[in-house]
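To keep things clear, I will list the structure first and then write my remarks on it.
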Amino acid sequence: MLTTLTEKVDPANAALLIIDWQNDFCYRTSNGARTPLDGVPEANERLHQIIDEGRKAGLPVIFVATHHGLDVDSDVWLERRRERDSFRPVEGSEGANLYGGIVPAEGEPVVIKHRWSAFINTDLQSVLDARGVKSLIVAGVSANGCVEKTSLDGFQLDYYIVAAKDCMATSHPDGRSMEEVFSFGVTATADEIISCWSKTPAATPAASSAMP
């Protein structure tokens, strides 16, 4: 049983899961002008920091991206958004690219999803289990959308959940605090998580190497 934050974010137990940090989700468009969502530039800076420090500590870093298209959008999905011309983001588009200079390192997996939760009809659980992951450090956008839905499914699949609360943004705030959104896990700042890594043994080359 992992009871402390240090245990839950230990690279021997955890993976950093970055969800939907894509242009189409990180920008808003109004009158033809595109600007980042509130909080995105600040969260992007913290994401760079936690990714860099996580890699140094030997933490697995896993990216999740959403793709939409006629081959994956069901009638149920289309009916819900029928007033939209199209869904975002479309595979291969600029909107589908990662935002703010965030780039997977060689060997870091990118899991493609087509629904809110990254566990629905994807190989995410296999990717996690192959790395012996017990705990998910979650970040990305939208905090109370796809990040929350993925985290809740992860919790129900028996992963510990740690929400990196300053490494997220949302396009539809609902008034809940991060602690309320992630009530089934714990929340911590990037600095709090990074500080825990200094309390764990240094990563060995075997632990820190990326898995194809």
Ordered by number, the GluC sites (Glu not before Pro) in region 85-118 that occupy a DSSP loop and have at most 10 other Cβ atoms within 10 Å are 106
The simple spin-label model distance between residue 75 and residue 42, using points 7 Å out along Cα→Cβ, in nm, is 4.6 nm
Protection proxy (average C-beta count within 10 Å per residue), highest first, orders 72-80, 151-159, 169-177 as 151-159, 169-177, 72-80
Residue-normalised value, i.e. accessible area per residue, for region 1-142 at 1.4 Å probe, in Å², stands at 50 Å²
Per the rule of 0.36 nm per residue minus the C-alpha distance, extending residue 105 to residue 172 adds in nm 21.1 nm
Full extension between residue 125 and residue 27 adds, at 0.36 nm per residue less the Cα distance, a length in nm of 32.4 nm
Taking every DSSP bridge whose two residues both lie in the chain, the antiparallel percent to the nearest 5 is 15 percent
With Cα coordinates, the longest principal axis of the chain makes an angle with the long axis of helix 40-57, in degrees rounded to 10, of 30 degrees
One finds the C-alpha centres of region 132-173 and region 14-32 to be spaced, in Å, by 14 Å
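The values are calculated or read from the model by the stated rules, or taken from the named source; none is laboratory data. In this text the structure is predicted, and so the values were computed from the model without any measurement. Ideal geometry is used to build each Cβ from the backbone, glycine not excepted, and the neighbour counts take in all protein chains shown. Areas reflect the complete protein model, heavy atoms only, side chains present, ligands, DNA and RNA absent. Shrake-Rupley method; radii C 1.70, N 1.55, O 1.52, S 1.80 Å.
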